[in-house]
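Enquirer: The structure's right below; bear with me while I get my questions together.
The values are calculated or read from the model by the stated rules, or taken from the named source; none is laboratory data. Just so we're clear, the structure is a prediction, and the values are computed from it rather than from any experiment. All Cβ positions, even for glycine, are placed from backbone atoms using ideal geometry, and neighbour counts span all protein chains on display. Accessible surface areas use protein heavy atoms only, side chains included; no ligands, DNA or RNA. Shrake-Rupley method; radii C 1.70, N 1.55, O 1.52, S 1.80 Å.
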Amino acid sequence: MTSYPSLTRALAETLVDVLWFIEGSEDEQIDPDDAVKVLEGVAHRVTSLSDAQRHELAMLVGEMAAAETDPSRRQFLKQFPEGFGLVDDAP
């Protein structure tokens with residue numbers, strides 16, 4: 001059984017797992033409109049977090065990306081902070 005250092009880490013990994021599944025699903029698995037609604041809903045929720053909470057989640061996702069061995073999942077994790085509103089788009 002995997003032990004997580006915090007509830008936040010466990011929930012972050014679970015959120016990423018769900019979003020990774022949705023992102024990689026074929027149209028026959030999940031209705032594309034429903035998938036977009038879920039992804040946009042998560043992005044909206046994440047952007048409403050405090051700066052400290054967004055930073056914490058971005059750091060956790062960064063740690064997950066550094067440890068990931070699957071190249072496509074690692075790329076998803078690296079793009080996650082910007083794609084889901086954890087970091088500002090400003091240069």
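Enquirer: Taking the condition of being β-branched (Val, Ile, Thr) and surrounded by 14 or more Cβ atoms within 10 Å (Cβ to Cβ), how many residues in the stretch 1-20 meet it?
Expert: Going through the stretch 1-20 one residue at a time, the tally reaches 1.
Enquirer: Considering the stretch 44-80 alone, what residues qualify as being exposed (fewer than 15 other Cβ atoms within 10 Å of the Cβ) and either more than 22 Å from SER6 (Cα to Cα) or among the β-branched types (Val, Ile, Thr) (or both)?
Expert: Of everything in the stretch 44-80, those that are exposed (fewer than 15 other Cβ atoms within 10 Å of the Cβ) and either more than 22 Å from SER6 (Cα to Cα) or among the β-branched types (Val, Ile, Thr) (or both) turn out to be HIS44, THR47, THR69, ASP70, PRO71, SER72, GLN75, GLN79.
Enquirer: As an exercise: evaluate GLY85 against (1) within 26 Å of PRO5 (Cα to Cα); (2) in contact with an Asp or Glu (Cβ under 8 Å, 6 or more places away or on another chain) and give the number of the one condition it does not meet.
Expert: Every listed condition holds for GLY85 apart from (2).
Enquirer: May I ask you to say which residue of GLU28, GLU23 is more than 25 Å from PRO5 (Cβ to Cβ), open to solvent by 90 Å² or more (accessible area, probe 1.4 Å) and touching a residue at least 24 places away in the same chain (Cβ under 8 Å)?
Expert: When all the criteria are applied, what remains is GLU23.
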